[in-house]
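> Sharing a structure below in structure tokens format, with a few things to ask.
The values are calculated or read from the model by the stated rules, or taken from the named source; none is laboratory data. Here the structure is a predicted model, which is why all the values come from computation and not from measurement. Cβ coordinates were reconstructed from backbone atoms using ideal geometry, including for glycine residues, and neighbour counts include every protein chain displayed.
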Amino acid sequence: MAIVKWATAKYEGFGKDGKGQVTMESGALQDHPYGFNTRFEDKSGTNPEEQIAVAQASCFTMALSMGLAELGFNKGTLETKAAITLVKDDDGFSITKSEITLDALVLGMGAEEFEKAAVEAKLNCPISKLLNCDITLDITSFNNN
């Protein structure tokens, strides 16, 4: 089984003066602005790193949720932040890191078992597999009651 999802990007003009729009199949973004000013300056709109961050955060959280359900846990909350690091290098720019920060409440689960499940989700979510960078996981809070 293969699932194919799509998004489009359109860019008018070139360089720092160019302006773009991104659209997602789901309609979550529809002709949403992006460009140099939304990536490297503080202008309203999105950028590729932010889009990767939301993909990483949502994919990891869903993978962990599914893993917890398979272990028999069905009550709680997961809140994930993914921070994508873009750095200038000799070849232009590279994404070097995805930092996942997790706050979790899982009723009745032990901390050691939870950490194991979280690490497995980090390693096995499809977006983690896609990224060729250092992916860290910081469980900032865990509560089991």
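> Can you tell me which residue is surrounded by the fewest Cβ atoms within 10 Å (Cβ to Cβ) among those in segment 1-41 that are assigned to a loop (DSSP other than H, G, I, E, B) and of a type in the set (Gly, Ala, Ser)?
2
> Could I ask something else about it? Based on this model, can you work out whether residue 95 counts as touching a helix residue (DSSP H, G or I) at 6+ places or on another chain (Cβ under 6 Å), in a strand (DSSP E or B) and of a type outside the set (Phe, Trp, Tyr)?
no
> Look through 58, 44 and report the one residue that is modelled with pLDDT of 95 or more, among the small types (Gly, Ala, Ser) and surrounded by fewer than 16 Cβ atoms within 10 Å (Cβ to Cβ).
Unique residue meeting the criteria: 58.
> Every residue in segment 15-33 that is more than 22 Å from residue 4 (Cβ to Cβ) and within 21 Å of the chain's Cα centre (by Cα), please.
33 - this is the single residue of segment 15-33 that is more than 22 Å from residue 4 (Cβ to Cβ) and within 21 Å of the chain's Cα centre (by Cα).
> Among all residue pairs at least 6 apart or on different chains, which show Cβ distances below 8 Å where the first residue, located in segment 109-124, is polar (S, T, N, Q) and the second is part of a helix (DSSP H, G or I)?
124/63
> Being surrounded by 13 or more Cβ atoms within 10 Å (Cβ to Cβ) and either under 15 Å from the mean Cα position of the chain (by Cα) or without any contact (Cβ under 8 Å) to a residue 24 or more places away in the chain (or both) is the requirement here; does residue 129 meet it?
It is false that residue 129 is surrounded by 13 or more Cβ atoms within 10 Å (Cβ to Cβ) and either under 15 Å from the mean Cα position of the chain (by Cα) or without any contact (Cβ under 8 Å) to a residue 24 or more places away in the chain (or both).
> Count, please, the residues in segment 101-134 that happen to be of a type outside the set (A, V, I, L, M, F, W, C), under 29 Å from residue 49 (Cβ atoms) and assigned to a loop (DSSP other than H, G, I, E, B).
The total comes to 1.
> Would you call residue 78 surrounded by 16 or more Cβ atoms within 10 Å (Cβ to Cβ), assigned to a strand (DSSP E or B) and more than 11 Å from the chain's Cα centre (by Cα)?
Yes; evaluated as a whole, the condition is true for this residue.
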